[in-house]
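Enquirer: Handing you a structure now.
The values are calculated or read from the model by the stated rules, or taken from the named source; none is laboratory data. Predicted model only: the values in this text are computed from it and were never measured. Reconstructed Cβ throughout: ideal geometry from the backbone, glycine too, with neighbour counts over all protein chains shown. We work out accessible area using only protein heavy atoms, side chains counted, and drop any ligands, DNA or RNA first. Shrake-Rupley method; radii C 1.70, N 1.55, O 1.52, S 1.80 Å.
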Amino acid sequence: MATPPTATSYPPNVLSIHCPRSDGKVFDESRFPAHHEVVQPGADQPWLAKLGEMLGDQLYPASGRKFVLQAFPEHYHLRVRNRNDGHRHDYYLYGYPDTEDDDRGRRPRALKYYRSAVDFFDHLLWLVVDPTQDRRNCFCKHCKPPAEAPEQAPNATVPVQANPGTLGSYSGAPGAGTAVVPAQAKPDPRGNHVTAPGNGPQAPTKAAVGLDPTYRIPPQIDVLDLFREGEVVWFRNLQQAFRLGIIVRNLPRDPNNQAPMKSVIKPLSHSRSIIDNIERSEVDMRPFLTFSVPPITPVLRNIIDQPMTSIPWDALEAELPFEEGARAQVLSLEASKIAACHVDHSFSLFNPSAYPCSPVNQQSFGGVFFGCEKITVLEAVRVRVHDHEYPQKDDVEYTFAMHVKNIILEQADDGKERLLFQGDIWLLQESPLPQNTANNNNPPNLAMRREKGFRDEVAKVRGARFDWVLVLANVTKPEEHIRGRFYESQKLGPILYQSEWEPQLQQGRIPSIEMRLNNRLDSLGSYIGKKRSRLDTIAGAVPPDTVLSLGPRINEWSG
């Protein structure tokens, strides 16, 4: 049996991270090799220190604090094999669930284990950030086939055979605080916090952080969906033209077929216009940034910066220079364009989270409705870089992406608010494919890894591969430097390029997604800034009784 975790105290500048989610399994003692003994209490501290350090680098960059993993996930435990020379000790972390059927009369297979903290980190990070617990999203050596598993964990520099006895441990004053990772976050009806069920007290407000430093790591939200609930998109209407609408909800996928996902969309218009919801599949939808918003009819251009709720639509309809029977339809179309521009120049935040050692004028969040798109932490965004950051920044063949680690609302001294994104900036580069050489420079973001894997597979027919290269680590960018969501070529490419897509792939070339997308704030109108909620952002563009499903685990922050 595994020994229970021992109580350990840490210095005041060290925060312990608790991971309540686990896939660990208990095995009978007879399954373990006889010479693999359970470690003595405290012997696992070097592993926990290293894993906490790596989690801190991923989730709390530039925090100024140290982190340690409070304990291994439930049913994971460390064993040691002591060599005869008395100097070498080999460590093994057991608990990985052997899902193969062992009760068919076969001899039980040898248990799987991890040989170092670095070896285990990919699996731990998956447990922390993936609420779906879909094992296909884990990149550890046991969850992925050998051809897919990376040689080492992201951003890790310690050799795989690292001896835990060589890593330092912490000791000192108790009460250093705990960073709690939610098992399945849910809105807390008593406040604007993301709460993990059964994990003790609620996340504190900013004022309480100094007294009770418990922090919530926000979950990653619906990152596999091409079109997300709450996003403003283009959809094809019955006349084959595209109109603008907001995704009210996504319909469940049918597990029995590979049909494209469908969404329920509320067409944008003005609040006097009652338009029924419509259903569209992915093939009849486009991200908002795919097309530019057409010019507004000249007679209405003077109202583009007015709030949708204060525009006198009845009077405007009578003034339109069109036949009386067409005025209502024209006004509805023009209103949708004005509304989409307003959304593009706005943002609203969700899933507030306390961030270690953040300045008193900063509040962190798990996600943002960023213009017409939904963006969360731990995913990628398209980003602008400056000449001093990368001289060849204007090369159209380059794709720059930021792995977002934190989303910040900052209160400036003059009372203005700034939306900031913090993370690492990566560059996707094409290079010749050398013989017998593996590239293990994997970014931590799953979508970026899938993008590389897809491009490598396509490009190998012409002897090329793609590499993600880290350009800048732990940088902070204002919202005007964020172009928009990062879209995977394999998902969006066939929709944008249609019949041109497959012939290009057969030649080993991937048509550029970046070239087909605009940037946030490219649309007409003035900057609006923070709104209280997504419904507040589209107020006046939909009927007052409109209900939005914003997706699972979304807790909007009204500020």
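Enquirer: Hey, with R₀ at 60 Å, roughly what FRET efficiency would H75 and D387 work out to, going by the Cβ-Cβ distance, to 0.05? Don't skip to the answer; put the middle values down first.
Expert: On the way: r = 52 Å, r/R0 = 0.87.
Rounded to the nearest 0.05, the efficiency is 0.70.
Enquirer: Report P(r) for the stretch 217-367: all Cα-Cα distances, bin width 5 Å, range 0 to the bin holding the largest distance, values in whole percent.
Expert: P(r) for the stretch 217-367, in whole percents per bin: 1, 8, 15, 17, 16, 14, 11, 8, 6, 3, 1, 0, 0.
Enquirer: Given a Förster radius of 45 Å and the C-beta distance between M261 and D305 as r, what FRET efficiency does 1/(1 + (r/R0)^6) yield to the nearest 0.05? Present the calculation step by step, with values, prior to reporting the outcome.
Expert: Numbers: r = 35 Å, r/R0 = 0.79.
Efficiency, rounded to the nearest 0.05: 0.80.
Enquirer: Ok, one more. With charges only on Cβ, +1 for K and R and -1 for D and E, what is the dipole size of the stretch 453-518 about its Cα centre, in debye, rounded to 20? Walk me through the numbers on the way to the answer.
Expert: Details: 10 positive and 9 negative charges, 21 e Å.
The calculation lands at about 100 debye.
Enquirer: Put +1 on the Cβ of each Lys and Arg and -1 on the Cβ of each Asp and Glu in the stretch 434-559; which of F454, V471, L505 then has its Cα farthest toward the positive end of the dipole?
Expert: Comparing the listed Cα positions along the dipole, V471 ranks first.
Enquirer: Separate question: For the stretch 528-537, just list the computed ³J(HN,Hα) in residue order, Karplus coefficients 6.51, -1.76 and 1.60, θ = phi - 60°, integers in Hz, with x standing in for Gly and Pro.
Expert: 10, x, 6, 10, 6, 6, 5, 5, 5, 5
Enquirer: Through the Karplus equation 6.51 cos²θ - 1.76 cosθ + 1.60, θ set to phi - 60°, convert the phi angles of the stretch 333-341 into ³J(HN,Hα) values in whole Hz; use x for Gly and Pro.
Expert: Values, residue by residue: 5, 5, 5, 5, 5, 5, 4, 5, 5 Hz.
Enquirer: Scattering from the C-alpha atoms of the stretch 340-391 alone, worked out with Debye: what is log10 I(q)/I(0) at q = 0.14, 0.21, 0.23 1/Å?
Expert: Treating every Cα as an identical point scatterer, log10 I(q)/I(0) equals -0.54, -0.92, -0.96.
Enquirer: Suppose every Lys and Arg Cβ carries +1 and every Asp and Glu Cβ carries -1, with no other charges. What dipole size does the stretch 413-559 come out with about its Cα centre, to the nearest 20 debye?
Expert: On the way: 21 positive and 19 negative charges, 50 e Å.
Dipole magnitude for the stretch 413-559 comes out near 240 debye.
Enquirer: Of the listed peptides 421-430, 379-388, 460-469, what is their order by residue-averaged count of other C-beta atoms within 10 Å, with the highest listed first? Could the numbers behind the result be given before it?
Expert: Numbers: 421-430: 20.5, 379-388: 18.0, 460-469: 15.0.
Listed from highest to lowest mean packing, they are 421-430, 379-388, 460-469.
Enquirer: Using only the Cα atoms of the stretch 292-411, what are the Rg and Dmax in Å?
Expert: In order Rg, Dmax, the Cα atoms of the stretch 292-411 give 20.5, 62 Å.
Enquirer: Hey, what's the stretch 425-550 come to in accessible area per residue, 1.4 Å probe, Å²? List each step's numbers first, then the result.
Expert: Values: 5880 Å² over 126 residues.
That works out to 47 Å² per residue.
Enquirer: Can you find, among P359, P321, T297, the residue sitting farthest towards the positive end of the charge dipole of the stretch 296-390, where Lys and Arg contribute +1 and Asp and Glu -1 at Cβ?
Expert: Checked the options; the winner is P359.
Enquirer: What full-extension length gain, to one decimal in nm, is calculated for N277 and Q329 as 0.36 nm per residue of separation minus the Cα-Cα distance? Mind showing how you got there, number by number?
Expert: Values: separation 52, 0.36 × 52 = 18.72 nm, distance 1.65 nm.
Between N277 and Q329, full extension yields an extra 17.1 nm.
Enquirer: Using heavy-atom solvent-accessible surface (probe 1.4 Å) with all chains present, what is the largest-first order of T309, T476? Walk me through the numbers on the way to the answer.
Expert: On the way: T309 100, T476 70 Å².
Heavy-atom accessible area, descending, gives T309, T476.
Enquirer: If you take every residue apart from I407 with its C-beta less than 12 Å away from the C-beta of I407, what net charge results, scoring Lys and Arg +1 and Asp and Glu -1?
Expert: Charge balance near I407 sits at +1.
Enquirer: Provide the packing ranking of 494-501, 548-555, i.e. peptides ordered by the mean count of other C-beta atoms within 10 Å per residue, highest first. Mind dumping the intermediate values first?
Expert: Details: 494-501: 15.0, 548-555: 19.6.
Output ranking for 494-501, 548-555: 548-555, 494-501.
Enquirer: Taking amide H atoms as placed 1.01 Å from N in the peptide plane, list the residues 5 or more away in sequence, or in a different chain, whose amide H sits under 5 Å from that of I17.
Expert: Residues meeting the criterion, in which the H sits 1.01 Å from N, are V68, L69, Q70, A179.
Enquirer: Taking just the alpha carbons, could you work out the radius of gyration and Dmax for the stretch 400-559, both in angstroms?
Expert: 19.7, 62
Enquirer: On a C-alpha basis, how far is the centre of the stretch 283-357 from the centre of the stretch 463-484 in Å? Whole number, if you could?
Expert: What the calculation gives is 31 Å, centre to centre.
Enquirer: Hey, can you rank 291-302, 234-245, 359-370 by average C-beta count inside 10 Å, highest first?
Expert: Values: 291-302: 13.1, 234-245: 16.1, 359-370: 20.6.
In decreasing order of mean packing, 291-302, 234-245, 359-370 become 359-370, 234-245, 291-302.
Enquirer: Another question, if that's okay. Give the cross-link partners of K66 among the lysines, using a straight C-alpha distance below 23 Å as the criterion and excluding same-chain residues fewer than 8 apart.
Expert: Those lysines meeting the cut-off are K50, K206, K405.
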